[in-house]
Every structure is written in structure tokens, then in C-alpha cells.
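Bear in mind that the values in this text are calculations on the coordinates, not laboratory data. Being a predicted model, the structure only gives us computed values, none of them experimental. Cβ coordinates were reconstructed from backbone atoms using ideal geometry, including for glycine residues, and neighbour counts include every protein chain displayed.
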Amino acid sequence: MVLRTITTCVVLWSLTVFVALSAEDSSKKTAAEPAAKTGWKMLCDGKSLKDWAVTKFGGEGAVKSENGAIVLQQGADITGINWTGEALPKKNYEVALEAERLDGNDFFCGLVFPVGNDYCSFVVGGWGGGVVGLSSVDGQYADDNPTTTYTAFDDKRWYKIRLRVGEKRIQAWIDSKQVVDLDTTGKKISVHPAVELLKPLGVACYATVAGLRNIRIRDLTKEEAVEAPPK
């Protein structure tokens, strides 16, 4: 009888410890999840162009939704889509998407985005295929300003693109590599006139065929809005 009682107590104690440790592990896992994985709002359904319009550049190529992506055909010279849905944040937000160059030799993602009351564009693969940067900073385009870098891009490969607009900073990543980290204090931010029609938010390609998918946006937390995130 005594042995049975002791055995029962040991089992109950073991279960209590197991539940407590499991709860602790679960709490740690939740706390460790990065904010970037939460709060996203999808801007495309992968099936249609709902809330998007084909931008009337003149000479634009065809645009269609297929296989979960939006495909921009090559135009003469720019093809793009611009947001027509509900109002989106102008500051303290992050926008992300995946883009690929299916054919051609120039930018396959020209992302136009708001910066407060101004606008800017993030160019991926421009000026012959390799330039990455913002257009414009103090009147200088993506090929010749402090954000200019050069990257070789493979055709028919999806690249993860993420852009963040904080209180005084614009940052951007391609896959896991940070490619833009600009303190906007005292700088004039403007959009390249060639893609101004993409406002308030839009994506275009130049002399290429491009695929776009998983376009999404989220608000930044107060801490993210004023601090640079981990690189």
C-alpha cells in the first residue's frame, strides 16, 4: 500500500514537471518568433489582379495571373501594376514580395513606395541587369547615389525582396542580404519620373519579362520604426 502511494506521487510529480517545462519551452518559442513573421496583410491572391491595375505607361506589355504569380510581359519599355485597393500606410511599414526575371536584361522589380508624403522606387537589376538601389536620393538615381550596389541575378529564380520605411530610415533586403540602409535625415527622397504612374504602390519591369508573387505589407512596431533591425 505504501509502495503504491509513493509510486503514484512520483508519477504525479513527473507529470507536473513535464507540463511546466513544456509550457516554458512554448513560451520561449513564442517570444523568440521575430515580429517580421507576424501582422502581414496579403496584397495579391495569386489568382487574379484584384485591387491592382495595369499601369498605363503606353507600350506596356500584357499582364496576367497564372500559377500563383502575376506575370508582366515585356513592353516598350515598361510594364507594371499599381495598387488600387484600400489606403496603405505611408510610413513605418514593411512591404515584401518575391520576384523573378523570366527573360530580358534589365530590372525585373521596380518597386514604387511611399515615404511619408514623398515617393521613391527600389530598383532590382537595373541599368543593364545588375544595379540595385533607390531612385532617387537627392536627385540622383539608383545607379549613382549612396544606395548603389551591383548584383548578378539569375534568370528564372525567385528572389525574396523586403523593404522597410521607418521614421528616418529606408532599408531593403534581397534574400537574406541587406542591400540598402539609408538614413533619410536631411535627404530629398523622390521617385524616378519614368515610374511615377505606379504611385501609391506598384511594381514594374523594364525590357524584361517578370514574375511577381506573395506581395504583402505590415505595420512596424514602435521599436522597429525607430531602430535598425538585426542584420
field: Percent of Cα pairs exceeding the 28 Å cut-off, where the set is the stretch 35-226
entry: 16 percent
task: Note down the nm distance, to one decimal, between modelled labels 7 Å out along Cα→Cβ at ASN117 and at TYR150.
output: 3.9 nm
- prompt: What is the extension gain from LYS41 to ASP103, computed as 0.36 nm multiplied by their sequence separation minus the C-alpha to C-alpha distance, in nm to one decimal?
  reply: 19.4 nm
query: In nm, to one decimal, how far is the GLU66 label point from the THR84 one, both placed 7 Å along Cα→Cβ?
result: 2.2 nm
message: Under 19 Å between alpha carbons, and skipping anything fewer than 8 positions from LYS168 in its own chain: which aspartates and glutamates qualify?
response: GLU94, ASP118, ASP138, ASP181, ASP183, ASP219, GLU223, GLU224, GLU227
message: Give me the one-decimal nm value for the distance between modelled label points at ARG157 and VAL54, 7 Å along each residue's Cα-to-Cβ direction.
response: 3.1 nm
- request: Mind scanning LYS64/LYS91; LYS156/LYS187; LYS91/LYS187 and naming the pairs with a C-alpha gap bigger than 26 Å?
  value: LYS64/LYS91; LYS156/LYS187
message: Suppose the chain between LYS91 and LYS188 were pulled fully straight at 0.36 nm per residue; how much longer would it get relative to their current alpha carbon spacing?
response: 33.4 nm
